[in-house]
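Data first, discussion second: the structure below is written as structure tokens.
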There are 2 protein chains.
Amino acid sequence: MQAVPKAEIAASAHDRVYRGLRTRIMHGQMAPGQALTLRGIGREFDVSMTPAREAVNRLVAEGALTMSSSGRVSTPELSNERIEELAALRALIEVELASRALPRAHIALIDRLQTINATIADVVSNRDSVGYIRTNLEFHRTLYLRAQAPAMLAMAETVWLQLGPTMRALYGRLRRSEPPQYHRLIIAALKAGDEPGLRLAVRSDVTQGLRMLAG
Amino acid sequence: MQAVPKAEIAASAHDRVYRGLRTRIMHGQMAPGQALTLRGIGREFDVSMTPAREAVNRLVAEGALTMSSSGRVSTPELSNERIEELAALRALIEVELASRALPRAHIALIDRLQTINATIADVVSNRDSVGYIRTNLEFHRTLYLRAQAPAMLAMAETVWLQLGPTMRALYGRLRRSEPPQYHRLIIAALKAGDEPGLRLAVRSDVTQGLRMLAG
DNA sequence: GCGCCGAAAATGTGATCACAAACAAGCCAT
DNA sequence: ATGGCTTGTTTGTGATCACATTTTCGGCGC
């Protein structure tokens, strides 16, 4: 019924729900403005309202969901000012993370980044926008993990989370056909140990997509 | 029993608890490692365990409290690496906020900052460390509110929250007797419209206190 | 004195329930 | 037909409870 009957780590119910909703939002599987109900979430994850409410409250606190004055929750529809602000936050934090990862970026990491980049080319040719968002985030997270800065990475992921539904709306309608050009620049700067070039490449990659939405 | 019997806005119970605990943590009224129980919180705020648990979960999600594997919560005891990281985040975000506030900083704002700064001198002479932390944060928040960047300000406040108990431990034992020198530099740079000077002053003010802790 | 074990108290978790507010749909009057 | 009112349904909120786990503490053996 509760606690942990399993011998394994066995995450709590509210954590399962939280993680499920979180990746769904971050990967752009929900459109902006989409509504959610506690009982519906409970049914879907086979839990009662209590853990569903905990998960939803946590996501609201992180800005991944918005709550109306009557308590109804839905994915946010961001204003252009908010989008610009979040893009600026991405640039600030992720440039710092990349810079801290640079001294520790060995060849194995660069190889992994190139593999992920090839996967991005695949999903782009398949017009799979949620696959694109997920793989793109994996590219960035793989790099930033090397920075050994968990608090900064958590901040960056919170920003990604807030932009999730907006990114879906963005990439869903612009239907790009080529992989992101700046990823190649990032890899090149990593290989060359070029810190200013890396900072510029990351900043460009982060602000590129969002610019056309706010324009 | 629930909902909103009052005619006013009437915040929900979990929000009252959340806000109460939040300011207590952010202002340094709790020592690092201090334990909390749901039933104790419920007794203190006169609510049941449910809203107490919601408030605690939210604070855990924001990094203001840590939860052991058995679910017990306490204020965090940060490692030096984590402190350095959070200080770097403060520097990144707050320098940007100050820079964005600069073009909108009129004389009324500067007057207000000087008033707050005078209050800081008072509480410092009274050896009131929680008053110092609260007024110092008020100084920064007053400036950053002018940046019109709510997402960035929320990020900065989350970092303050995580540093709350540590700041208490820090300022509680170093017993400074003079008001922060860099606040005067911030005000001077605002008056002169000197953006590089402002960035440097804010970065210095933010990293100054934490440096001696990690050293 | 010191360490270990077992019972009792404390604590977190999640299900269930009652209730108020919000929303939706239908109905009537004009 | 349309606007306002009413009723029924949906939804979030918070209290209460049962239960597993953890923690605490007293006592016993060595």
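Mind checking the mean number of beta-carbon atoms from other chains within 10 Å of the Cβ atoms in B:84-95?
Taking all residues of B:84-95 together, the mean is 3.
Write out the trypsin sites (Lys or Arg not before Pro) in segment A:129-215 meeting two conditions: DSSP loop, and at most 13 other Cβ atoms within 10 Å of their Cβ.
Sparse-neighbourhood loop trypsin sites (Lys or Arg not before Pro): A:R175, A:R176.
Relative contact order, percent, of segment B:77-178 when contacts are C-alpha pairs under 8 Å separated by at least 6 residues?
Across segment B:77-178, relative contact order equals 42 percent.
Name the residues whose placed amide hydrogens come within less than 5 Å of the amide hydrogen of A:T37, ignoring near sequence neighbours (fewer than 5 apart) on the same chain.
none
Listed highest first by mean packing, meaning other Cβ atoms within 10 Å per residue, what order do A:76-89, B:150-163 come in?
B:150-163, A:76-89
Quick check: the angle from helix B:150-174's long axis to the longest principal axis of chain B, C-alpha only, nearest 10 degrees?
90
For B:P196, go 7 angstrom from Cα along the Cα-to-Cβ vector, then report the distances to that same point in the other copies in nm, smallest first.
1.5
Taking a label point 7 Å out from Cα toward Cβ, give me the nm distances from B:P150 to the same spot in the other copies, shortest first, one decimal.
Label-point distances to the other copies, shortest first: 3.1 nm.
Points 7 angstrom from Cα along the Cβ direction at A:V60 and A:A11: gap in nanometres?
For the pair A:V60/A:A11, the computed spacing is 2.2 nm.
If each label sits 7 angstrom from Cα along the C-beta direction, how far apart, in nm, is A:T37 from its counterparts in the other copies?
Label-point separations across copies, in nm and ascending: 3.9.
With an 8 Å Cα cut-off and a minimum separation of 6 or more residues, compute the relative contact order for chain B in percent.
28
Could you work out how much longer the chain between A:E178 and A:E77 gets when fully extended? Use 0.36 nm per residue separation minus the Cα distance between them, nm to one decimal.
Extra length from A:E178 to A:E77 when fully extended: 33.6 nm.
How large is the charge dipole for segment B:13-74, taken about the Cα centre, if only the Cβ atoms of Lys, Arg (+1) and Asp, Glu (-1) carry charge, to the nearest 20 debye?
On the way: 9 positive and 5 negative charges, 12 e Å.
It works out to roughly 60 debye.
Take the alpha-carbon centre of segment B:143-194, take the same for segment B:99-120, and report the distance between them in whole Å.
Here the answer is 13 Å between Cα centres.
What's the center-to-center distance, using Cα atoms, between segment B:29-58 and segment A:18-61 in Å?
Value for the Cα centre distance between the two parts: 24 Å.
On C-alpha positions alone, give me the angle between the axis of helix B:107-125 and the longest principal axis of chain B, in degrees, nearest 10.
Compared with the principal axis, the helix lies near 70 degrees.
How high is the FRET efficiency between B:S68 and A:A154 when r is their beta carbon distance and R₀ equals 25 Å, given to the nearest 0.05?
After rounding to 0.05, the efficiency reads 0.85.
Helix B:13-26 against the longest principal axis of chain B: what's the angle in degrees, Cα atoms only, rounded to the nearest 10?
Roughly 40 degrees, rounded to the nearest 10.
Per DSSP H run of at least 4 residues, take -39500 (n - 2.57); add these up for chain A, divide by its residues and hand me the 222 nm value, nearest 500 deg cm²/dmol.
Computed ellipticity for chain A at 222 nm equals -23500 deg cm²/dmol.
About its Cα centre, how strong a charge dipole does segment A:1-128 have in debye, to the nearest 20, once Lys and Arg get +1 and Asp and Glu get -1 at the Cβ?
380
Work out the length of the dipole vector of chain B about its Cα centre, built from +1 on the beta-carbon of each Lys and Arg and -1 on the beta-carbon of each Asp and Glu, and round it to the nearest 20 debye.
Dipole size: approximately 280 debye.
Quick note: the coordinates plus some simple rules give every number you see, no bench work behind them. The structure presented is a predicted model; accordingly, all values stated were derived computationally and were not measured. Glycine gets a Cβ as well: all are built from the backbone with ideal geometry, and neighbour counts include every protein chain shown.
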